[in-house]
Amino acid sequence: MTSEVSTGRAAAEAWLSAIESLDEERILNALADDVEIHVEGMERPLVGLDTLRSLLPPDLADVYESVRVEPLHLVASGDEAALLVRASATMRSNVELLGETLPTEGKHLSVTAALFLEVNEAGKIARLTRVRDNLEIIRQLDVPPERMRSILAELERRLRTQTAA
């Protein structure tokens, strides 16, 4: 596989494969340095690999026993792709996120999500929009919605601070 991906379809497939491999470098290498990631429920996008890297656990294999991302539908044209995926993960340990510990150890999580991506001239994903049912994740984790709102509010606060800097 070359490091340069030429189409939205190829970029999407390569990125999903990287996620399943739990290889952080492959995951990040599929993204542009200045990638914008738009996530449901957040006012501001995550911008740049450094921001994304700061949110990832030190070793994905310590947190995830396995990850499967099954494309249910993929439509691509040129440098864009839209996907409907079924993502599932078996968790090896709890997840630390922004100073909070989420009770994920031993759980199997599954959610359907829509992904929309745009690829830059270097074949890297430059813009990604994800839409998923967060209530389903909250239900599977048995985390009170107020706690999840608090975590998202802290992430928004940190993004505002980064933008202002």
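With a Förster radius of 25 Å applied to the beta-carbon distance between His73 and Thr129, the computed FRET efficiency rounds to 0.95. Between the entries (1) 16.5; (2) 19.3; (3) 21.2, the label attached to Kirkwood radius over Cα pairs in Å calculated for this structure is (1).
All other residues whose Cβ lies under 14 angstrom from that of Thr112 are scored, Lys and Arg at +1 and Asp and Glu at -1, for a net of +1. Modelled spin-label separation between Asp59 and Ser110, with each label point placed 7 Å from Cα along the Cα-to-Cβ direction: 2.9 nm.
Taking the DSSP bridge list for the range 25-151 and keeping only pairs wholly inside it, about 90 percent are antiparallel. For the chain, the mean residue ellipticity at 222 nm estimated from helices alone is -10500 deg cm²/dmol, where every DSSP H run of n ≥ 4 contributes -39500 (n - 2.57) and the total is divided by all residues, rounded to the nearest 500. Over all other residues within a Cβ to Cβ distance under 13 Å of Gly78, the charged ones net out to -3, with Lys and Arg as +1 and Asp and Glu as -1.
Throughout, read-outs are computed from the coordinates displayed, never taken from laboratory work. Note that this is a predicted model, so its numbers are computed, not measured. Counting neighbours? That spans all protein chains shown, and the Cβs are built from the backbone with ideal geometry, glycine included.
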